[in-house]
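Below you'll find the structure, written out as structure tokens, and then a few comments.
The values are calculated or read from the model by the stated rules, or taken from the named source; none is laboratory data. Only a predicted model underlies this, so the values are computations on that prediction, with no experimental measurement involved. Here the Cβ positions follow ideal geometry from the backbone for every residue, glycine too, while neighbour counts run over all protein chains shown.
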Amino acid sequence: MTRRYDVVLTVYFSFVPFWGWRQVTVLLVAWTHGCLGVHYWLRARSNYHKFAPLLLTSATLLPVLALLGIWQGTREVLAQWQLHPEWLQMTVREGHVRDPSVNGPSWDLEVQLYWIYVVLLALVFVAWAARWLVERHHGLINIAYPGGRVVRVPVGCAVLDASRRARIPHAAICGGRGRCTTCRIRVLRGVDTLPPPSASEQALLDRLRAGPSVRLACQLRPRSDTAVLPLLPPDIGASEMRRRDYSEASDIERFVAIMFVDIRRSTALVEKRLPYDVVFLLNHFFDAVAGAVVDTGGMPNQFVGDGMMAIFGIHAGPHEACSQALVAAQLIHSRLSDMNRTLANELSEPIAIGVGLHAGNVILGELGYRDHFVLTAIGDSVHVAARLQELTKDYGCQLVVSDIVAATAGVEMSGFPVREVNVRGRAEPLAVRIVGAMNELVA
């Protein structure tokens, strides 16, 4: 039979208060568990961060309002007792509170549910023990982590599970279900002995353009000793994951064009200015230069003092990368000229720059510490581009560009003076073109 709401409140919060507090506890536990499930389900979705505050507000208000309803209903029931004592006797009689024919079956059902719960709980422990025995029968392997941590796990255990067993923080926005790539690792030892990736894992790795040593920790189940390096910070969020999801951060070799830009006579520019005025000028300068790089398809990479490094070709082939870099040089010249005219009253003389441009194979990867990572290029081509920028001082020009860039872009630069320069670390001289002003380029 169905009991009225006032009868339930009377029993739960007057006759047997333990039942009432048990009901409140179960409500809060079940609601919290459900909210956590929804959060872990949605947190990898692209728009989740926009709706998360609204969902959190709703998830908090609903149980609070429900508990306030219980509290207010109980107050009203108690108030009725004070005004009408006979009402309590009527509630007990009509609600069959002390009727054995009603309470007996209810109590029997409750006992049966308790026993079912105990049996299920026991089965969990039995399954855990059986799994432990099976794992020990198949043998154990060692997985080494940075910092000297070594985790001993059964053969076939996923690397992400090994991290969790050892309480090693490891990013996994999707919860380890193979729906994201935040748990990715670099295998430092034992790459040749790893099982091949599944079709779904390979599809995700192909999106990252990852090398053979990069795997997903939730999918990789090594069968022999290995060493791994997690590639993303453990507390990475969904928005940060999307920022890095073009993971050339997976450390790959790629042909790119590297540009270095530096302000000439910067000491004279800043020595008589207040710090805020220097910041103002530099921000305008970087807005002009970095904006030109972005508009032509490149990526500003490093801002150091009064200089900038940019990369072209992260998402493009060699020909397009070098063409973009040459177009960017022209656009930088144009925007810097506009800036000098705009700030003519602020500057004693126009801002002059030197630009070095070179292309070649580099390693693209994310460098940093904890949650401060930046995608950058590492390799000989970076050092050469920086050296060419320095040579603009010696040649009194605005741009020094290697013949490699011109040839790859298919641009005719025979009209510009050619020089052969010796660059530290290179056995052969490097042919470069001397460009007095970048607006003379035809890309």
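Table for the structure above
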item: Evaluation of L364 against (1) within 25 Å of the chain's Cα centre (by Cα); (2) within 20 Å of V435 (Cβ to Cβ) (one fails), failing number; result: (2)
item: Meets criteria (surrounded by fewer than 13 Cβ atoms within 10 Å (Cβ to Cβ) and of a type in the set (K, R)) for R149; result: yes
item: Elements of type strands (runs of 3 or more DSSP E) contained in the range 347-415, each with 1 or more residues being more than 30 Å from A171 (Cβ to Cβ) and touching a helix residue (DSSP H, G or I) at 6+ places or on another chain (Cβ under 7 Å); result: 353-369, 399-402
item: Qualifying residue in the range 194-206 (condition: touching a helix residue (DSSP H, G or I) at 6+ places or on another chain (Cβ under 7 Å), modelled with pLDDT of 80 or more and either crowded, with 16+ Cβ neighbours inside 10 Å or within 25 Å of L364 (Cβ to Cβ) (or both)); result: yes
item: Condition met for S224 (among the polar types (S, T, N, Q) and not in a loop (DSSP other than H, G, I, E, B)); result: no
item: Residue satisfying condition, being modelled with pLDDT under 80 and in the same structural domain as A310 (by TED's automatic domain parsing), within set L336, L367, L357, L343; result: L367
item: I141 out of contact with any helix residue (DSSP H, G or I) (no Cβ under 7 Å at 6 or more places or on another chain), under 21 Å from L194 (Cα atoms) and either at pLDDT 90 or above or part of a helix (DSSP H, G or I) (or both); result: yes
item: Residue that is surrounded by the most Cβ atoms within 10 Å (Cβ to Cβ), among those in the range 18-59 that are outside any helix (DSSP H, G or I) and touching a residue at least 12 places away in the same chain (Cβ under 8 Å); result: A44
item: Scan of the range 169-193 for residues that are surrounded by fewer than 20 Cβ atoms within 10 Å (Cβ to Cβ) and among the basic types (K, R), ordered by number; result: R177, R179, R186, R189
